[in-house]
Every structure is written in structure tokens, then in C-alpha cells.
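Peer 1: Attaching a single structure in C-alpha cells format; questions to follow.
The values are calculated or read from the model by the stated rules, or taken from the named source; none is laboratory data. What you see is a predicted model, and the numbers here were worked out from it, not measured in a lab. Cβ sites come from the backbone with ideal geometry, for glycine too, and all protein chains shown count toward neighbours. The accessibility values were calculated without ligands, DNA or RNA, using every heavy atom of the protein model including side chains. Shrake-Rupley method; radii C 1.70, N 1.55, O 1.52, S 1.80 Å.
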Amino acid sequence: MNINQEQLLMFQTVIETGSFSAAARKLGKVPSAVSMSIANLEIDLNLNLFERIGREPTPTPAAMVLYEKTQKLLIEINQWKQHAHALSAGLESTLNIVVVSELLHTNWTDYITLLEQHFPNLTINIFSAPQEDALQMLLDQSAQLALMFEREQLDSREQFVELKREALVPVIAQGHPLAQFEQISFEQMVQTRQIVVASRDHSIKPELLFSKDYWRTDNHHSACMMILRNLGWGVLPLEMFNENPELKKKLKVLQLYDFTPKFEYYVDLVWSRESKLGVAARFLIEHIRQQRQQPRKSD
């Protein structure tokens, strides 16, 4: 059986127009070519697709069943061709993006939606990881892009474009002894167990680590649950409180004598200089660069 796209298109058009001659006019062919193509299709399928009684062919029940599938199949064939063309133009077959755990609450899905709109056939994989692990995924090229916080020291292999600023705050459960104080000293904080979001690699020292006694987790949702159970204090994204007002009732932001308890960081879209980025990754980078230029143009 050797059925091609042209035969399927002719079959679909005959049913939609109601005759071989009308299908031929729509497709720009002679009626005999359409009639012969349908006859060959019936031979290949060993099915009678049209009853040729009267002036116009009448689709058989089998033809109507195949017609529904033909519509879907022709759409898939066209999508396949478009995808093949995109791949030949440099579109990556898969785009892996890692989002730092503390940034999962942000509007990172806006960027994924944008990619889907421009590259509907692109396969996108989203991973979540602590800051240190996210950077390692970029450098070993298991991810092509990462949304992560600014780094104190830049690896020579990384390149980035700034997205925005994000705030983190130290919090404790309302039922914890530290919560009874209006303000606490830095010494009180470091003497209390800290729940820290950190790399799965225990040889890597966590960022934003203050306490001598600390427990590790690889995401801020787990950290939040542990803090709520009075297991320690931790640093969480301020945006979590805006999204979940109930947290404001259950958690207290620690006020310190010695410094303002708010850590502001820039959020970057990061990639490796050593990776050969595809069309979609380069499109997103350029989109963010243009977004950054827009306020300057309006000034």
C-alpha cells in the first residue's frame, strides 16, 4: 500500500465538494485525474469509497469514517513539513530550560508561552533546581537556558541578560519562639536552625547561609513547609506572600537590629558560551534584550 498526500487531498476534496469535477476545479486538475486517483486509492485500500450511481458519486460509510481521519492526517503532514523546515533553518529539536527553585513562583511561564506561539512544534522541557545545580546543568549542557539569580562570581563560560529584580526575606513560623520578638539580633538568628535551599551536592556550600545549624532542601516549597512546622527559619521569596495571603498569617518576617531583612537580587536568563544555541533559544534571548531597551526608548 503506497498512499500519498495528493491522493488524500483529492479524497478529502471530493467529499467536501460533492463531485469529481468540482474537486478537479478546486485543485486545478482535470476530472479524469481525480477520478483515476480515487480509483487507485480504492484498489490500494481494497475498499469501495464512493457509489457511482447517478450523476454524482456518493461516499460510502467507510469513506466517511476515513474522511474524519484524513483531515487530521493532512494537518499532521503539514505540521511535519513545517517542523522539518524549521529544523533545517536551525530550530533545536528540544529546548531544556532550568528554573531556580526560588523563582518557580515568578512569571517564567510567560516566556514559555511566547516560545510555544512562535515555535509550536518545539519540545520544551522545564527543570527546577537550586542555584548551584542550575548553573552546573548549563555548563554540562544538559540545559540550554536557565532563569537564575545573579552570581557573586561569574564563570567565564556563562553569558546572561538581566530580567528583573526579585526580593527574598527571612521568615519564621508564628508559633516559633523567635516570632515573639519585635526585633532580633543577628546572633539570635545564627544560633537558630536555618532551613536552606541548596544544591543536592552536599560538598557545595549553600548561598544565603547564616546559621551554624542548618537543614537542606532543594526547593523553596519544601523549605516553606518545614518552616511552617517550627523546624527553623529560612529565606523565602517575598512574592510567595503576595500570591498566598494565608502565609502572611502563618509566617512572620524577621526584623533584625543590625540590617534590613530584605535581600534583593537581579534575576538573569543565563546560557553557556560553549553551547551552540538553536533558533528558539536565540529568539528568547533577543526578545528579552528588546524588552530591556523599551523603557529607554520611551525616556
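Peer 1: Can you confirm whether segment 201-214 contains a residue that is touching a residue at least 24 places away in the same chain (Cβ under 8 Å), closer than 26 Å to residue 97 by Cα, under 23 Å from the mean Cα position of the chain (by Cα) and open to solvent by 20 Å² or more (accessible area, probe 1.4 Å)?
Peer 2: No, segment 201-214 contains no residue that is touching a residue at least 24 places away in the same chain (Cβ under 8 Å), closer than 26 Å to residue 97 by Cα, under 23 Å from the mean Cα position of the chain (by Cα) and open to solvent by 20 Å² or more (accessible area, probe 1.4 Å).
Peer 1: Between a residue in segment 164-190 that is open to solvent by 80 Å² or more (accessible area, probe 1.4 Å) and any residue that is part of a helix (DSSP H, G or I), which pairs come within a Cβ distance under 9 Å, given they are 6 or more apart or on different chains?
Peer 2: From segment 164-190, the pairs are 174/249; 174/250; 181/188.
Peer 1: Considering only residues that are within 45 Å of the chain's Cα centre (by Cα), in a helix (DSSP H, G or I) and surrounded by fewer than 17 Cβ atoms within 10 Å (Cβ to Cβ), which ones fall in segment 10-24?
Peer 2: Residues of segment 10-24 that are within 45 Å of the chain's Cα centre (by Cα), as a first pass: 10-18, 23-24.
Those still in the list that are in a helix (DSSP H, G or I) too: 10-17, 23-24.
Selection gives 16 alone.
Peer 1: Continuing with the same structure: Of the residues that sit in segment 231-262 and are free of Cβ contacts under 8 Å to residues at least 24 places away in the same chain and open to solvent by 70 Å² or more (accessible area, probe 1.4 Å), which one is farthest from residue 219 (Cα to Cα)?
Peer 2: My answer is 260.
Peer 1: For segment 116-139, which residues satisfy the criterion of being under 20 Å from residue 161 (Cα atoms) and not hydrophobic (A, V, I, L, M, F, W, C)?
Peer 2: Passing the criteria: 128, 130, 131, 132, 133, 136.
Peer 1: Return yes or no: is residue 72 out of contact with any helix residue (DSSP H, G or I) (no Cβ under 8 Å at 6 or more places or on another chain), of a type in the set (D, E, K, R) and without any contact (Cβ under 8 Å) to a residue 60 or more places away in the chain?
Peer 2: So residue 72 fits the description; yes.
Peer 1: Which residues, counting only those in segment 199-221, are part of a loop (DSSP other than H, G, I, E, B), under 14 Å from residue 231 (Cβ atoms) and out of contact with any helix residue (DSSP H, G or I) (no Cβ under 8 Å at 6 or more places or on another chain)? Steps first, please.
Peer 2: Let us first name the residues in segment 199-221 that are part of a loop (DSSP other than H, G, I, E, B), namely 199-213, 218-219.
Next cut, under 14 Å from residue 231 (Cβ atoms) only: 211, 213.
Correct list: 213 only.
Peer 1: Among the residues of segment 105-146, which ones are open to solvent by 10 Å² or more (accessible area, probe 1.4 Å), hydrophobic (A, V, I, L, M, F, W, C) and within 11 Å of the chain's Cα centre (by Cα)? Reasoning before the result, please.
Peer 2: In the first step, residues of segment 105-146 are kept if they are open to solvent by 10 Å² or more (accessible area, probe 1.4 Å); the result is 105-114, 116-128, 131-133, 135-137, 139-142, 144.
Applying the additional criterion that residues be hydrophobic (A, V, I, L, M, F, W, C) yields 108, 112, 114, 119, 122, 124, 126-127, 135, 137, 139.
Result: 108, 112, 114, 122, 124, 126, 127.
Peer 1: Go through segment 263-289 residue by residue and tally those that are over 17 Å from residue 139 (Cβ atoms) and not in a strand (DSSP E or B).
Peer 2: Matching residues across segment 263-289 total 11.
Peer 1: Further question on the same structure: Which one is surrounded by the fewest Cβ atoms within 10 Å (Cβ to Cβ), of the residues in segment 25-43 that are in contact (Cβ under 8 Å) with a residue 24 or more places away in the chain and over 15 Å from residue 73 (Cβ atoms)? Give the steps one after another, and end with the answer.
Peer 2: If we filter segment 25-43 for residues that are in contact (Cβ under 8 Å) with a residue 24 or more places away in the chain, which is where we start, we get 34, 37-38, 40-41.
This time we only want the ones that are over 15 Å from residue 73 (Cβ atoms), so: 34, 37-38, 40.
Working: 34: 24, 37: 22, 38: 21, 40: 13.
Checked segment 25-43; the qualifying residue surrounded by the fewest Cβ atoms within 10 Å (Cβ to Cβ) is 40.
Yes or no, residue by residue, for (1) over 30 Å from residue 132 (Cα atoms); (2) out of contact with any Leu (no Cβ under 7 Å at 6 or more places or on another chain):
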position: 10; (1), (2): yes, no
position: 17; (1), (2): yes, yes
position: 20; (1), (2): yes, yes
position: 31; (1), (2): yes, yes
position: 54; (1), (2): yes, yes
position: 60; (1), (2): yes, no
position: 94; (1), (2): no, yes
position: 98; (1), (2): no, yes
